[in-house]
Amino acid sequence: MATAGARLPTPQLLGLIPSKQKLGLMVALAAITALVVAGWLWGQSPDYRVLYANLSDRDGGAVIASLQQMNVPFKFTEGGGALLVPANQVHEMRLRLAGQGLPKGGLVGFELMESQKFGTSQFQEQVNYQRALEGELARSIQSLAAVTGARVHLAFSKPSVFVREQQKPSASVLLSLHPGRNLDPGQVSAIVHLVSSSIPDLPVKNVTVIDQNGSLLTSSDAGVVGLDPSQLRYRRDVEQGFAKRIEAILAPIAGNNNVLAQVTADIDFTVTENLAEIFTPNPAASAAVRSQQSTEASNAGGAGGAAASGVPGALSNQPGASANAPLVAASAPAAGASAAAAAAAANTRRDSTVNYEVDKTIRHTRQSVGGIKRLSVAVLVNHRKLVDEEGKTTTKPMSPEELEQINALVREVMGFSKERGDSLNVTNSAFSVAAVEPIVEVPLWKQPETLAMAKDIGRYVLIGALLLYLVFGILRPLLSNLNVPDPNEIRQVAIDTEAAPAAPRPEAQTGNLDAVKQLARSEPQLVASVVKEWVNKDG
């Protein structure tokens, strides 16, 4: 039999442990093992990031099949809205899947034209081209941040040789927006112009855009004056600009937050175009001759035109001498007779035509849009605040000179025009300021950031306390009791010691003494009962 002081083998030590301690030891070891394994798995688990979101069923299946072939782990978010992969493989997977043409987005683009078969009819080619064009436009629209899906329908008319019978193409766009997202009029107009610019001869008015709820996003009455959002926004900007300028120039005089200005602007959005073509007469000094034509005809002969007159020869072709006044009155009849004879002998006709350039002025005038027709300005100025020697604050109205100065400044800022019909009203009055409620500061221990940090710290403290309890509260007592021998064995050791020879070996005696001391410390009642039995027996 082994002595009490010797270390027993492990099976014998486990046999000496009571059943309750065995159960506790097993539970502690299992808990510690589970915590260690969970911590290791937590540290080894990769951080998953979104690879693709809102995939269609067809694209999702193709992407998953490709990921399985590449042995890449993946998982889905709650609801299956996004596909997650390890964070260090997101960019690599996107590039590799893009090389495979995934995801396709459920749309067919111009890659459809690459698989044309020999013998395809012209009608099939036209249909494939239309499908490819619709798919490319839908892909371009889906690249917008607020759009999750898009479909484009194009309608082309048959070509005709008659201009009057030709019809313009039209397009319809169906948008699926992200939850909580909306498109402003500017973005809708951009989509309309994108589609219109991609199709030849497609006017903007023939493009219709609706959302997934069936709401019409393109308004047919956008050209009506007063209903255009851009015009309303321009009017608001003009009014706010004047109000800020007025408050800025009066702030040094009245103080900050002591001036309020409101401006109402009447804006002229009328679009006017004038085309004038003016013809002016040519002044004599600056006349420009376009063309000139002269015709001269001469007919020689008598009244009958049959007999020739005049002296034959070269002298008859020379011009006559200049006429002179007769010196003798008696010769006048002879001269008159000769003139009549000359008129009868020669008949001359001259025609002259001169064409001048006509001045022409073409004037194309377009009036500017957004001109100010009238301004109405109202300015409210607070009373002056005066602080006396005791620190008491009082208010005092402004003097008429100060109000006149403010009136003049506002007129200059707004560009006051009497001919335009502008109006200005400056009022000096005490402001009625509501009592400001004091802001209750949230204590540090009630702030959300502090609560979140306390929860995290508490969780880690709880885990550490549990580990410490398992180690020092259960495992350590169990391990310290492994070397304590069983009381029955100690009793047997005591009996053996009593029956042993008078001169035992020093080693055995020392081992028994140590075992008895340890038993006395751990089981004092048991030792007391053994000593009592010895005393009674000796007695």
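To keep it simple, each residue is scored yes or no on (1) at pLDDT below 75; (2) surrounded by 10 or more Cβ atoms within 10 Å (Cβ to Cβ); (3) hydroxyl-bearing (Ser, Thr, Tyr).
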residue: ALA342; (1), (2), (3): yes, yes, no
residue: ALA345; (1), (2), (3): yes, yes, no
residue: THR365; (1), (2), (3): no, no, yes
residue: VAL369; (1), (2), (3): no, yes, no
residue: LEU380; (1), (2), (3): no, yes, no
residue: ARG384; (1), (2), (3): no, yes, no
residue: GLU389; (1), (2), (3): no, no, no
residue: THR394; (1), (2), (3): no, yes, yes
residue: PRO397; (1), (2), (3): no, yes, no
Considering every residue within segment 291-304, establish whether at least one is in contact with a helix residue (DSSP H, G or I) (Cβ under 9 Å, 6 or more places away or on another chain), at pLDDT below 70 and either assigned to a helix (DSSP H, G or I) or open to solvent by 90 Å² or more (accessible area, probe 1.4 Å) (or both).
yes
State all residues of segment 238-264 that are surrounded by 13 or more Cβ atoms within 10 Å (Cβ to Cβ) and in a loop (DSSP other than H, G, I, E, B); if no residue qualifies, say none.
GLY255, ASN258
Scope segment 411-429; condition in contact with a Pro (Cβ under 9 Å, 6 or more places away or on another chain) and free of Cβ contacts under 8 Å to residues at least 24 places away in the same chain; matching residues:
none
From the residues in segment 265-287 that are within 30 Å of MET414 (Cα to Cα), part of a loop (DSSP other than H, G, I, E, B) and open to solvent by 70 Å² or more (accessible area, probe 1.4 Å), which one is modelled with the highest pLDDT?
THR270
Assuming VAL379 fulfils every condition listed in (1) out of contact with any helix residue (DSSP H, G or I) (no Cβ under 7 Å at 6 or more places or on another chain); (2) within 22 Å of ASN256 (Cβ to Cβ) apart from one, which condition is it?
(1)
Would a scan of segment 421-429 turn up a residue that is outside any strand (DSSP E or B) and either modelled with pLDDT under 85 or closer than 30 Å to THR270 by Cβ (or both)?
yes
Can you say whether ARG181 is basic (Lys, Arg) and either part of a helix (DSSP H, G or I) or over 24 Å from the mean Cα position of the chain (by Cα) (or both), as far as the supplied structure shows?
no
VAL484 vs. criteria open to solvent by less than 50 Å² (accessible area, probe 1.4 Å) and modelled with pLDDT of 75 or more
no
Which ones in segment 116-149 are of a type in the set (A, V, I, L, M) and either out of contact with any strand residue (DSSP E or B) (no Cβ under 9 Å at 6 or more places or on another chain) or part of a loop (DSSP other than H, G, I, E, B) (or both)?
VAL127, ALA132, LEU144, ALA145, ALA146
Starting from segment 172-195, keep only residues that are without any contact (Cβ under 8 Å) to a residue 12 or more places away in the chain, then list their pairs with residues that are in a helix (DSSP H, G or I) and open to solvent by 30 Å² or more (accessible area, probe 1.4 Å) whose Cβ atoms are within a distance under 7 Å, requiring at least 6 positions of separation or different chains.
HIS193/VAL204
What are the pairs, 6+ residues apart or on separate chains, where a residue within segment 116-145 that is among the hydroxyl-bearing types (Ser, Thr, Tyr) has its Cβ under 7 Å from a residue that is modelled with pLDDT of 85 or more?
SER140/LEU194
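Table: residues versus (1) closer than 30 Å to LEU217 by Cα; (2) at pLDDT 85 or above; (3) of a type outside the set (S, T, N, Q); (4) open to solvent by 60 Å² or more (accessible area, probe 1.4 Å).
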position	(1), (2), (3), (4)
PHE76	no, no, yes, yes
LEU95	no, yes, yes, yes
PHE110	yes, no, yes, yes
PHE118	no, no, yes, yes
GLY149	yes, no, yes, no
PRO159	no, no, yes, yes
Among the candidates GLY39, GLY81, GLY105, GLY15, which residue alone is modelled with pLDDT under 75, out of contact with any Phe, Trp or Tyr (no Cβ under 9 Å at 6 or more places or on another chain) and buried (at least 17 other Cβ atoms within 10 Å of the Cβ)?
GLY105
Kindly indicate whether SER196 is within 30 Å of TYR234 (Cβ to Cβ) and open to solvent by 50 Å² or more (accessible area, probe 1.4 Å).
no
Reported set for segment 206-233 where residues are part of a helix (DSSP H, G or I) and modelled with pLDDT of 90 or more is ASN206
Tabulated pairs, segment 457-481, first closer than 20 Å to GLU523 by Cα, second in a helix (DSSP H, G or I) and modelled with pLDDT under 75, C-beta under 6 angstrom, 6+ apart or interchain
ILE474/GLY24; ILE474/ALA28; LEU478/GLN21; LEU478/LEU25
Do the conditions hold for ALA155, that is, is it within 15 Å of ASN206 (Cβ to Cβ), open to solvent by less than 60 Å² (accessible area, probe 1.4 Å) and without any contact (Cβ under 8 Å) to a residue 24 or more places away in the chain?
yes
So which pairs qualify, if the first residue must be in segment 381-410 and touching a residue at least 40 places away in the same chain (Cβ under 8 Å), the second must be surrounded by 11 or more Cβ atoms within 10 Å (Cβ to Cβ) and of a type in the set (Val, Ile, Thr), the Cβ gap must be under 6 Å, and the two must be at least 6 apart or on different chains?
VAL381/VAL259; HIS383/THR395; LYS385/THR395; ILE406/VAL426; LEU409/ILE249; VAL410/ILE246; VAL410/VAL379
Does ARG374 meet the test of being loosely packed, with under 11 Cβ neighbours inside 10 Å, at pLDDT 70 or above and charged (D, E, K, R)?
no
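The values are calculated or read from the model by the stated rules, or taken from the named source; none is laboratory data. Owing to the predicted nature of the structure, the values given are computational and were not obtained by experimental measurement. Cβ: placed from backbone, ideal geometry, glycine included. Neighbour counts: every protein chain shown. These accessible areas exclude ligands, DNA and RNA; they are computed on the full protein's heavy atoms, side chains included. Shrake-Rupley method; radii C 1.70, N 1.55, O 1.52, S 1.80 Å.
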